[in-house]
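Worksheet for the structure shown next.
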Amino acid sequence: MATSKFKVVLVYPDLLGTYGDSGNAEILVRRATLRGVDAELRVVHSQERLDDSGDVYVLGGGEDGPQQAAVDALRRDGVLKEVHQQGRQILAICAGFQIIGESFATSDVDNVPGLGLIPVVTRRGRQRRCVGELLCEASSELGIALLSGYENHGGQTEILDGNPLGRVIRGVGNRYEDTQDGYLSDNVIASYAHGPLLARNPALADRLLERVHGLELESLRRRDIGIEAENLRRERIKEVQGNKGSVRTLMRRLTQPNSRTV
Ligand SMILES: NC(=O)CC[C@H](N)C(=O)O
């Protein structure tokens with residue numbers, strides 16, 4: 001860990017906080033605390049210098065204007081790039097995902113330089129916006145069967161090198177041309193899924209915590225978690241399945257023993 005206390009840094013919630021994405025940071029702190037970890041949430045607004053002693057940096061979604069303001073401020077600040085190079089963990093949703101890539105488009109500008117932390121480019125979509133429930137099969141290395149979320153974006157993201165977070169079962173994800181959502185590397189988890197993503201998929205929060213160097217986690221007892229998170233997850237997955245496909249097949253995958261979902 002960067003210091004003796006586990007620290008989650010919520011990056012610019014004044015600009016990047018659509019659909020309750022700031023909740024991802026709260027969930028990380030909560031699930032660490034439940035395991036006896038001394039954890040702290042540090043909220044940094046866009047007028048402040050970014051805290052460079054975080055273990056996880058959380059970026060949410062945003063409309064085009066705030067997204068442009070956020071990338072300008074983050075470039076000037078320089079800390080996110082530094083901590084990424086040092087291997088600290090980053091969770092980036094939607095606009096946050098686009099910002100950490102090589103470039104993205106807004107409704108006014110075709111090619112806004114991103115921070116260049118991950119090799120993805122986002123172009124303006126020519127088809128309708130991607131709006132609605134998003135359901136993905138998670139990358140097998142995560143040991144989670146399904147990821148549930150909600151997407152609302154115009155940008156279309158192409159991965160130039162590396163792997164997505166998941167394969168899209170329902171919805172669009174990165175772009176219409178393929179069935180990928182997000183990006184996964186040793187220290188980046190990115191996705192188009194709001195929800196917030198970690199509220200709908202607490203097992204992903206745990207995988208992220210497990211990636212933090214030096215963080216010792218006691219196992220989480222079921223009674224500490226409550227059944228709300230599981231119910232929310234099931235309800236959203238069932239909702240998607242109401243439109244198309246077999247509920248039974250998906251529910252079986254959701255509850256399969258090796259899925260490690262909680
Ligand atoms: N929900 C979002 O974060 C939207 C991201 C970006 N402004 C787009 O429309 O593609």
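When DSSP beta bridges are restricted to pairs lying wholly in the chain, around 55% turn out antiparallel. For the chain, the Kirkwood radius over C-alpha pairs fed into Stokes-Einstein at 10 °C and 1.306 mPa s yields D = 87 µm² per second.
Quick note: the coordinates plus some simple rules give every number you see, no bench work behind them. These numbers come from a predicted model, not from an experiment.
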